[in-house]
1. Filtering the stretch 239-266 down to residues that are over 17 Å from the mean Cα position of the chain (by Cα) and within 9 Å of the ligand (Cβ to nearest atom), which residue is surrounded by the fewest Cβ atoms within 10 Å (Cβ to Cβ)?
2. Tell me which residues, restricted to the stretch 204-238, are open to solvent by less than 30 Å² (accessible area, probe 1.4 Å) and part of a loop (DSSP other than H, G, I, E, B).
3. Pairs needed: first member in the stretch 28-51, assigned by TED's automatic domain parsing to the domain that holds Gly163; second member anywhere, in a loop (DSSP other than H, G, I, E, B) and among the hydroxyl-bearing types (Ser, Thr, Tyr); C-beta distance under 7 Å; at least 6 residues apart or different chains.
4. Just to be sure before I move on: is Ala134 within 16 Å of the ligand (Cβ to nearest atom), modelled with pLDDT under 95 and either in a helix (DSSP H, G or I) or within 19 Å of Thr69 (Cα to Cα) (or both) in the structure I sent?
5. Can you work out which of the residues in the stretch 267-288 that are open to solvent by 30 Å² or more (accessible area, probe 1.4 Å) and either within 12 Å of the ligand (Cβ to nearest atom) or not in a loop (DSSP other than H, G, I, E, B) (or both) is farthest from Pro128 (Cα to Cα)?
6. I'd like to verify a number: residues in the stretch 195-206 that are within 24 Å of Lys293 (Cβ to Cβ) and away from the ligand (no atom under 14 Å from the Cβ), how many?
Amino acid sequence: MIGILGAGSLGRLWAALLPQDQVAFLPRPDADPAPALLSYSFESIQGSQRSLALPWLQQPDDLSLLLVTTKAGDTLTALQHWLPKIPESVPIVLFQNGLGSQQAVADTSPQRPILAASTTEGANRPDPNRLVHAGSGETWVGALTPRARPELPGVVAQLATTGLVVHAEDQILVRLWQKLVVNAGINPFTAILDCPNGDILANDFFQRHIDPLCREIAGLMAAEGIGDPTAGELRQRIETVARNTARNTSSMRGDILNRRTTEIDFINGYLVQLGQRLDIPTPVNQLLTDRVKQLSPHKESEEFPDGQSPFEDLHPHRG
Ligand code: KPL
């Protein structure tokens, strides 16, 4: 059985595409007593629709794999509830945005096979019981703990039964950083300016801050040994994705619109913390983090009490 912890867009996407008799959701520790089944309609990338009813698992003793698709800020707490009930041999794949939450899990369970994934699949929930596979992309999976290395081919093979494109990635940290750069350069601006991704490009606030932001990130990447991109290259990458996803509501703007806690602590906030550790000043990341936090009401949506947003629109860009 493949378990999925996190019933948002991404979790529901994998659940819809994995073999239906081999997949089940794990309830969040703070969830109300869950009904026996999670039902929703799934719209494939080709536009066909089908109804799904997947079990909520209470006893995860026969798991062969666990996919964790919770928000970055919920991941450690959700896993700490389940880990004592899950055998130590079960590979765990972390799908979180940003950085920091993956390392926290790997640090608390170094003896387990912990992997991280980065995906460009696009999915959203126009309403709570409907999941749309909005854009096809690719998924990269790599080992975070040494114990995960021998498991990687098997994990990739299991994920590939979905028909999605899944790659084994030796440099998963580099992949996660590449995504972090894009999220750090788009998400806070869309949240602060309350606009779709493409509209940040011509905005004066973006224009004023993007170059110093990219210089901060390039300095951190060089210090961490994550390639040696120039600030100009980072800006180009950010602007290309903003143009390719111009009409999208970013996940961070979606969180603000739904009055939910954002992932800022794992994106620009992570870069601020890293800068403090490395003694590299990060005033623009700090400014963006502060401004987003001022917007965030730290209150769960009453309309979507499972903590998931109908605006969640996962990585619909290519690369
Ligand atoms: O990944 C994204 C997000 O919204 O979190 C981007 C790339 C900004 C696409 O919307």
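1. Only one residue tops the list, namely Asn244.
2. Ile226, Pro229
3. Listed pairs, sorted by first residue: Ile45/Ser136.
4. Details: within 16 Å of the ligand (Cβ to nearest atom): yes; modelled with pLDDT under 95: yes; either in a helix (DSSP H, G or I) or within 19 Å of Thr69 (Cα to Cα) (or both): yes.
Yes; evaluated as a whole, the condition is true for this residue.
5. Of all residues in the stretch 267-288, those open to solvent by 30 Å² or more (accessible area, probe 1.4 Å) come to 273, 276-281, 283, 286-287.
Those left that are additionally either within 12 Å of the ligand (Cβ to nearest atom) or not in a loop (DSSP other than H, G, I, E, B) (or both): 273, 276-278, 283, 286-287.
Working: Gln273: 35, Gln276: 40, Arg277: 40, Leu278: 42, Pro283: 38, Gln286: 34, Leu287: 33 Å.
Applying the filter and picking the extreme gives Leu278.
6. Residues in the stretch 195-206 being within 24 Å of Lys293 (Cβ to Cβ) and away from the ligand (no atom under 14 Å from the Cβ): 3 in total.
Let's see how each residue does on (1) part of a helix (DSSP H, G or I); (2) modelled with pLDDT under 95; (3) hydrophobic (A, V, I, L, M, F, W, C):
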residue	(1), (2), (3)
Ile4	no, no, yes
Arg12	yes, no, no
Pro29	no, yes, no
Ser39	no, no, no
Phe42	no, no, yes
Leu52	no, no, yes
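Per-residue answers, yes or no, for (1) open to solvent by 50 Å² or more (accessible area, probe 1.4 Å); (2) more than 17 Å from the chain's Cα centre (by Cα):
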residue	(1), (2)
Ser89	yes, yes
Pro110	yes, yes
Leu131	no, no
Ser136	yes, no
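The values are calculated or read from the model by the stated rules, or taken from the named source; none is laboratory data. All figures in this text were calculated on a predicted structure; none of them were measured in a lab. Because the Cβ atoms are built from the backbone with ideal geometry, glycine has one as well, and the counts that use them run over all protein chains shown. Accessible surface areas use protein heavy atoms only, side chains included; no ligands, DNA or RNA. Shrake-Rupley method; radii C 1.70, N 1.55, O 1.52, S 1.80 Å.
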